[in-house]
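Note sheet for the following structure.
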Ligand code: HEC
């Protein structure tokens, strides 16, 4: 017990002498117990830095950067709705091209086919793992939905489906919708809509 008390007193003296006088006035350099906390290799805000050719310490945001929380302009392209209203736009506000459809097919295959299946008939791989109620994109009700509502479903989700807005950028969402429409047309088109020279190959 005696040794413990002596040792404890010594420890107290040691701790107080090393740590206790931090902040005291002295002409001697302070003892730095964790020097890496006091001195860090870093660029302070608004200071010059020789590392980059233009000498700026703070980098400019990448072109096209949207600040977190900054509202998107209220346009049909961004929201799928008529500006100033909650009405969905009937037709997509972007022009459809062959490249866009190809992009939509690629993005659909990545983001949607695991659940909705390659053909959109809700026979994706997730049905084998217990996902039971998946929207069949060929349902008459879904075929009749406005393009803007599909945009909203992709962006924010619907019922059991989560939103994919954060994962899929706006142009790609419209491309996916164009592709979904192509999938729907593939089951609804009449023979008359097939170019004449291809009809024979279909009826064979
Ligand atoms: C993780 C699985 C999953 C993925 C991935 C997924 N969905 Fe869905 N989707 C669902 C489920 C489940 C429903 C049915 C939701 C309900 O009615 O409860 C649904 C419903 C829908 C509907 C019908 C909405 C309505 O009005 O009833 C549309 C349209 C749709 N999805 C489009 C898409 C598109 C486009 C993608 C790709 C960007 C996608 N989904 C990705 C699971 C998924």
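Panel order for 116, 138, by other beta carbons found within 10 Å of each beta carbon, from fewest to most: 138, 116. Rg/Rh for the chain stands at 1.36; both radii use Cα atoms, and Rh follows the Kirkwood definition.
The long axis of helix 170-188 is offset from the longest Cα principal axis of the chain by roughly 30 degrees.
If one takes the longest principal axis of the Cα atoms in the chain, at what angle in degrees, from 0 to 90 and to the nearest 10, does the Cα axis of helix 98-111 lie? Relative to the chain, helix 98-111 is tipped by roughly 60 degrees. Counting neighbouring beta carbons within 10 Å and listing from fewest to most, the residues 172, 139 come out as 139, 172.
In this simple spin-label approximation, residue 6 and residue 141 carry label points 7 Å from Cα along the Cα→Cβ vector, and these lie 8.7 nm apart.
Taken as Cα centroids, the stretch 30-100 and the stretch 170-199 sit 36 Å apart, rounded to the nearest whole angstrom. Taking Cα atoms only, the orientation of helix 2-19 departs from the longest principal axis of the chain by about 70 degrees.
Taking 43, 133, 180 as the candidate residues, the one with maximal mean-square fluctuation in a Gaussian network model of the chain, Cα springs under 10 Å, is 43.
Can you work out the FRET efficiency for the pair residue 186 and residue 72, with r the C-beta to C-beta distance and R0 = 30 Å, to the nearest 0.05?
Values: r = 32 Å, r/R0 = 1.08.
Here the calculated transfer efficiency is 0.40.
Where a number appears in this text, it was derived from the coordinates with a stated rule and is not lab data. Please read all numbers here as calculations on a predicted model, not as lab measurements. Every residue, glycine among them, receives a Cβ derived from its backbone with ideal geometry; neighbour counts consider all protein chains shown.
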